[in-house]
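These notes are about the structure you will find just below.
The values are calculated or read from the model by the stated rules, or taken from the named source; none is laboratory data. These figures come from a predicted structure and were not determined experimentally. Note that each Cβ is placed from the backbone with ideal geometry, even for glycine, and that neighbours are counted across all protein chains shown.
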Amino acid sequence: MKKVIIIPAAVLLLILVAFATTGAYRVPTLEVEFVEERPAVVKSVEYTVDGLTCRGKSRGFAGMISGVEGIVSLTTYARSNTAIVEYDPTLTDPVEIETAFEGPIAHEDEEDFPFKAKK
């Protein structure tokens, strides 16, 4: 009879611990390297992006910024709608990167695009 009570209680406890600690760590939704060899100087910029809500949208976002010369890597976090972009400051800047993903694109789900940086 004790097993009947102990097992569900243990499962419930594990679920509560998982919810309580979910904000303690960040798991990337997508990590992309755009260059084979990292430049000597790399800067990073973090954007909070409306519309960055899942792995598929993260891939779309990566495709939008991939054409910007100087982008080194991208890490997205759908849970917090953030994107961290590493770039070569001699080739691009945060304004040019933001322009790339806020510009108009042709896509089937136009209500979800273009992405907008939250100010």
### Query
In the stretch 20-53, which residue that is of a type in the set (Ser, Thr, Tyr), modelled with pLDDT under 90 and assigned to a loop (DSSP other than H, G, I, E, B) is nearest to Glu96 (Cα to Cα)?
Thr53
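When the residues of the stretch 75-94 are narrowed to those that are in contact with a Ser or Thr (Cβ under 8 Å, 6 or more places away or on another chain) and assigned to a strand (DSSP E or B), which ends up farthest from Phe19 (Cα to Cα)?
Step one: filter the stretch 75-94 for residues in contact with a Ser or Thr (Cβ under 8 Å, 6 or more places away or on another chain), giving 76-87.
Subset that is assigned to a strand (DSSP E or B): 76-77, 82-87.
Working: Thr76: 21, Tyr77: 18, Thr82: 21, Ala83: 24, Ile84: 25, Val85: 29, Glu86: 31, Tyr87: 35 Å.
Filtering first and then ranking leaves Tyr87.
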### Query
Here are Glu69, Glu102: which of them is out of contact with any Pro (no Cβ under 7 Å at 6 or more places or on another chain), over 30 Å from Thr22 (Cα atoms) and either surrounded by 14 or more Cβ atoms within 10 Å (Cβ to Cβ) or without any contact (Cβ under 8 Å) to a residue 60 or more places away in the chain (or both)?
Glu69
### Task
Within the stretch 2-38, track down each residue that is within 20 Å of Arg55 (Cβ to Cβ) and without any contact (Cβ under 8 Å) to a residue 24 or more places away in the chain.
Thr22, Tyr25
